Each structure stands twice: as C-alpha cells, then as structure tokens.
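Some notes on the structure that comes next.
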Amino acid sequence: MSAIKGDGVSQSAAFRRGIRESRSDRIFLGLTYLILTVVLIIALYPLVYILSSSISSPAAVASGRVWLWPVEISFDGYRAVFQNDQVLMGYANSLFYAVFGTLISVSLTIMIAYPLSKKTFFGRGPLMIFITFTMLFSGGLIPTYLVVKELGMIDTRWALLIPNAIWVWQVIIARTFFQSSIPDELSEAAEIDGCSDMRFITSVIIPLSKPIIAVLSLMYAVGQWNAYFDALIYLKTQSLYPLQLILRSVLILGNGSSVDAADMIKQQQLAELMKYSLIVVASLPVLIIYPFVQRYFVQGMLIGSVKG
Amino acid sequence: MIQTKYKLFLLVVPFMVFTFIFAYLPLWGWLYAFVDYRAGRSIFEMDYVGFKWFSMLVYSEQQIYEILRVLKNTLGISFLSLLFSFLPMAFAILLYEIRSIRMRKIVQTLTTIPHFISWVLVYSVVFSLLAVDSGVVNNLLIDLGLIQKPINFLASSDHIWLKMVGLEIWKGLGWGAILYLAAINGISQDLYEAARIDGAGRFRCVWHITIPGLLPTFFVLLLLAVANMINTGMDQFFVFSNAMNKSSIEVLDLYTYNIGLLKGNFSLATVISILKTIVSLTLLFSVNRLSKTLRGESIF
C-alpha cells in the first residue's frame, strides 16, 4: 500500500519537474525555502545553544561568549551531573516509571483496543459509550486526588503508574489501526483453522501491529518521562521523585532547600555549572528513541487518525 | 465459540476496572462540592451545605474579580492560540513543497524535536536564553541598540499571553504538521497534474487544491480546540508562573490547583471542576451543532 503511494509521489515529482517552472514558481519556491529555513533556525537554535553551552567552560557561558559554538571546551558540567546523587536517583526513577508505565499502558491499551475493533465483539457499543463518557466528564483534580488517596497510593510509585495508565485517545488510535489494517478475513480464516482469540492475538495481531505498538510506546514513554505534575501532587518522599521534579527543584527553584548561606551559594554555583548539561542529559533518552520510531510513527498516525 | 468470546471479554475487564476507579469514582467526589469538606471523615459525616460553595464563587467583589481575572487569562490565552492555529497547516504545506523527499523528512524530524522536550526543560532553556545578565537575547538586543538595559522577560506580565502562545507554537509546530502531512498525502495527485497542464503555477496549486483539501481537517481541529478553550492544562503555566506574572498567567486549571491543593479548599476546587466540565460540554455541543449547520457534517 505504502509502496504504491510512494511511487505515485515520486512519479508526480518527476512530472512536476518535467513542466518548465515559471518565474513566479521560482519566487514562490524561494520564499518557501526562506520561511522553512527561518522556522528550522528558530526550532533548533535554542537546542544548539544549550548543547554548546553544556560543553563550554562555565566562565565562558557566564560572560556571554557562547552564542553558537562551544567556547573553551570543558566537560565539568557533565562530570558534576554524573556525580550528583540526587540527579542520578531521579534518572533511575524516571527510567523505572517510563519502562514500567509504558509496559502497563501499552498492554492495557491493546487489550481494550483489539476487542473494540472487532465488529462481532459482544458489548462493543456499550463499551464505546463507557469510554466516550470519560472523555466528556472528568472528576477533576480534587476528586481524583481523593480517590488515589483512598486507595493508599499517595507517596507510592503506583500513583505515577496506575491512575493515568490509559489515555482514551491512544485507545481510539489503536482501535482504528486494528480496524483498518487487519482484515476481517484474516481472523475468519484463523477461526476456521481452529485458532483461538488469544492465539490469534499473540501470533497474528502483535506481529502485524509493530507500527502502532511503536507509536503507543513512544507516546506513553515520552508522557511518563516528561510528566511532573502527578509526582508533584502524589509524592512526598524525595527518593521516589522522577527526574523532572528534581530538575524543577535544581533548575527552577534554584534549590532553596538549604538554610545555611554558604551552602546555598555552593548549591547555586553547582546548579549554574550543571544547568546546561542537565538539560542535555534529561532530554537525551527521548531524542535518541524518536528517530528510530519515527518511520513507524507517520505510518501509525496516518492509519490511526483516519476518522471511523 | 462462546468460550472464545468470553475470553475476549476477559481482556477488557482490567481496562473497565481501571476506568471505573479512576474516571467514574471521581465523579462521585463531585458530592464534595455540596458539603463542608473535612479530612479523615466519610462524606456522610460532613455537613450538607447545598449550593454554598457555588455562591461562594461570586460571594464578594474581590472573589468575583478573581474569577473574572482567571477566566480572562484562560480565554485570552486560548483565543490567541486559536488565532495562530493555522500555522501547523501552513508549515505542512510549505514542507510539502520541498522537492527532495529526503530533505523533507529531515526538516520534519528536526522541527518535531521540541515537542518531546518537557515544559520543565523548556522553561530552563528559555530562562538561559533570556537571562538578564548576558543572556543571548538581551546581549543581541543591546548590541543592536534596540534596548539600553537588559530586560527580565520572564519576571514581568507584559505580553505574557503572547509569550506563552509563542512557546506553545515553538513546541508544537512540527508535531501539529504531521496530521496535515497525512492529509496532504490523501489528496489525489491527479488534481495537481491536471492543474499543471492547465498552466497553474505552484502557488495556484496550493491555493486551489492543497488548501481546500486540508480545510476539513483544519475545521475539525479548530472546533475541537474551541471546545477545549477552557481546558488549557497547567503543565506549562505552572512552571512559568512566578510572583511577578502570576496575575496574568494564572489559568483556570492552575487556579483550581492553587485553591484546592495549596490552600486546601477542596470543596471550592471541586465546584470549579464541575463548572468547568459543564462549560466545556456546552462548548462542545454548540460547536458540533455549528459544524452541522455550517458544513453539513458533525465532528463526532
């Protein structure tokens, strides 16, 4: 399917080139490239600046000499980051939340999306209403907080893994994917051959669903990695904090936890030193995964987002 | 046969339990809006106060002023971001004009990166770029002679809505374009070929084929955004709020948090959540009706 589409695109590109471009075409194209270049610069400059600053000497950064390329290369910031217990712990916690949270979320999402995609599934209609209702009505901050509290999840790792485990939007994307890319004939054939539903899921559905599993995993993992609000309201013990919350206290609040003035200054200098490298280190996992998932991504989104 | 159906149903059970607990049970908590909340007691032991907390919202002039201020921030920011909601579409169209598919992919991937950076980190990045002492932006502005003294951009409420929406665009432009790229792929190539043969240039192709082809997608997203105007979320505003800009950045979601979890007024915060749900439902259904009348097609 996609191969055919790809051919069509390149053919028409050749076709477009075949017709002589007029002057207005060239002006339009020039403007397009100009705007895209500007957008690219705006999108990337802040990131390049942070990357350069992170490997420059703190003195050069503080005096404003770094604006694009690194000045006086130094890895002190990274050294400080990897020697900071608080940061390392946050990192480990975030990895834990991202891995297990994604595992829980993706399994649950597929478990609900697949039956929903089957037209013969008993109770499909009521279940859809059950789900849609949650999109329209939500209890809100305090009632949800109280439910989590009643369940005794406050200040436990479960509070970050369970309450927000399923995003309805993901369920709908996955359902649409199953509906449109796994033909009914396949399950009928399997059924005639005596294949059970469970067997069908593990040996047919899962292998065919790589794109959507990749997309779901990426979205859930990024969501977990970047979230801080649930941790902020549900967690009290610092050893459970995810990285984002640690970052918030180091980078934003300037870490005012210490009362001692000399200590404060030391903390601030450390924060100043670590700042850029911390930003790089914290966004690294997500940025490393993304390009690998991206090819599935457009594919999965394309199919998953069609209305139906 | 019956057994396999039964097994399939078993798959659904965990989801239903989760959803029931975390999406339906909190609705029971709406009752807190009608009582005097006291920690550690069951709801049946709390005093029933009727609509006291609802009237509390408009109890004093100061309170009315507060609510209006928060609503103004919420709607103001949402409205600004609606104004710029055509940008991802425009970006996708321009992206599609790149002839080399490889280049197009590279540009698309690079501009999507900001979407994956958390708000906490976005704040830190912006903070360093806008730093008062020798931040890049202030240095540049001073060198160009546009300002005399460095400006503390983040610690003032000037144009704070615009700054917030700007950041939202920075973060979401490439991401938002993905959906439109998908939609452009769905437009038949025959249309372009026919138009080219008839002598239409690149611009006219975009104007007469691509844009009309994307408008349905744009409208659906726009209407959904309108329905969500009141739900701005708070991840972004929470990290950017400080004592100097608080009065112009405090959106409804942030206000609920401040009232409920910081000041501990659970009942009042619940009232706000209830009203919020009612407003967004009303918006959603009016928008759907509007869509039906205008385009003869409902959005859901």
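Here are some notes:
- Looking only at the stretch A:132-147, and only at residues there that are more than 7 Å from chain B (Cβ to nearest Cβ) and among the hydrophobic types (A, V, I, L, M, F, W, C), the one that is surrounded by the most Cβ atoms within 10 Å (Cβ to Cβ): A:F133
- Cross-chain or 6+ apart pairs with Cβ under 7 Å, the stretch A:13-40 first and within 18 Å of B:I197 (Cα to Cα) and facing chain B (nearest Cβ under 9 Å), then open to solvent by less than 40 Å² (accessible area, probe 1.4 Å) and at pLDDT below 90: A:R16/B:R196; A:I19/B:R196; A:S22/B:G201; A:S24/B:G201; A:D25/B:G201; A:D25/B:R202
- Some residue of the stretch A:183-196 being open to solvent by 40 Å² or more (accessible area, probe 1.4 Å) and in contact (Cβ under 8 Å) with a residue 24 or more places away in the chain: yes
- Candidate set: the stretch A:94-113, residues that are open to solvent by 10 Å² or more (accessible area, probe 1.4 Å) and among the aromatic types (F, W, Y); chosen: the one farthest from A:W169 (Cα to Cα): A:F96
- Checking A:I233 against (1) more than 19 Å from the chain's Cα centre (by Cα); (2) closer than 22 Å to B:S241 by Cα; (3) within 13 Å of chain B (Cβ to nearest Cβ); (4) modelled with pLDDT under 90, the condition it does not meet: (4)
- All of (1) facing another protein chain (nearest Cβ under 9 Å); (2) outside any helix (DSSP H, G or I); (3) open to solvent by less than 70 Å² (accessible area, probe 1.4 Å); (4) not basic (K, R) hold for A:P70 with one exception: (1).
- Residues in the stretch A:138-171 that are among the β-branched types (V, I, T) and touching a residue at least 24 places away in the same chain (Cβ under 8 Å): A:V148, A:I154, A:T156, A:I162, A:I166, A:V168, A:V171.
- The set of residues from the stretch B:8-33 being open to solvent by less than 40 Å² (accessible area, probe 1.4 Å) and either under 26 Å from the mean Cα position of the chain (by Cα) or more than 7 Å from chain A (Cβ to nearest Cβ) (or both) comprises B:T19, B:F22, B:A23, B:P26, B:L27, B:G29, B:A33.
- Single match in B:L162, B:L154 (criterion: touching a Leu at 6+ places or on another chain (Cβ under 8 Å), of a type outside the set (D, E) and in a helix (DSSP H, G or I)): B:L162
- Candidate set from the stretch B:38-95 (those that are among the acidic types (D, E) and touching a Lys or Arg at 6+ places or on another chain (Cβ under 9 Å)); member that is farthest from the other protein chains (Cβ to nearest Cβ): B:D47
- The stretch A:230-248, residues that are open to solvent by 30 Å² or more (accessible area, probe 1.4 Å) and either outside any loop (DSSP other than H, G, I, E, B) or small (G, A, S) (or both): A:D230, A:L232, A:Q238, A:S239, A:R248
- Reported count of residues in the stretch B:96-131, each being free of Cβ contacts under 8 Å to residues at least 60 places away in the same chain, open to solvent by 30 Å² or more (accessible area, probe 1.4 Å) and at the interface with chain A (Cβ under 8 Å from one of its Cβ atoms), is 3.
- Within the stretch A:107-122, the residues that satisfy the criterion of being more than 7 Å from chain B (Cβ to nearest Cβ) and in a loop (DSSP other than H, G, I, E, B) are A:K118, A:K119, A:T120.
- Taking each residue of the stretch B:272-300 that is free of Cβ contacts under 8 Å to residues at least 12 places away in the same chain and under 28 Å from B:E66 (Cα atoms) and looking for partners that are loosely packed, with under 12 Cβ neighbours inside 10 Å and not β-branched (V, I, T) with beta-carbon atoms closer than 9 Å, six or more apart or interchain, yields B:T277/A:L136; B:L281/A:L136.
- Evaluation of B:Y37 against (1) in the same structural domain as B:I259 (by TED's automatic domain parsing); (2) open to solvent by 30 Å² or more (accessible area, probe 1.4 Å); (3) more than 26 Å from the chain's Cα centre (by Cα) (one fails), failing number: (1)
- Residues that are more than 9 Å from chain A (Cβ to nearest Cβ), assigned to a helix (DSSP H, G or I) and among the β-branched types (V, I, T) are absent from the stretch B:188-201.
- Scan the stretch A:21-67 for residues that are out of contact with any Gly (no Cβ under 8 Å at 6 or more places or on another chain), open to solvent by 20 Å² or more (accessible area, probe 1.4 Å), of a type in the set (G, A, S) and outside any loop (DSSP other than H, G, I, E, B) and the total you get is 3.
The values are calculated or read from the model by the stated rules, or taken from the named source; none is laboratory data. Please read all numbers here as calculations on a predicted model, not as lab measurements. All Cβ positions, glycine included, derive from the backbone under ideal geometry; neighbour counts span all protein chains shown. Each accessible area value is taken on the protein alone, full model and side chains, heavy atoms only, with ligands, DNA and RNA left out. Shrake-Rupley method; radii C 1.70, N 1.55, O 1.52, S 1.80 Å.
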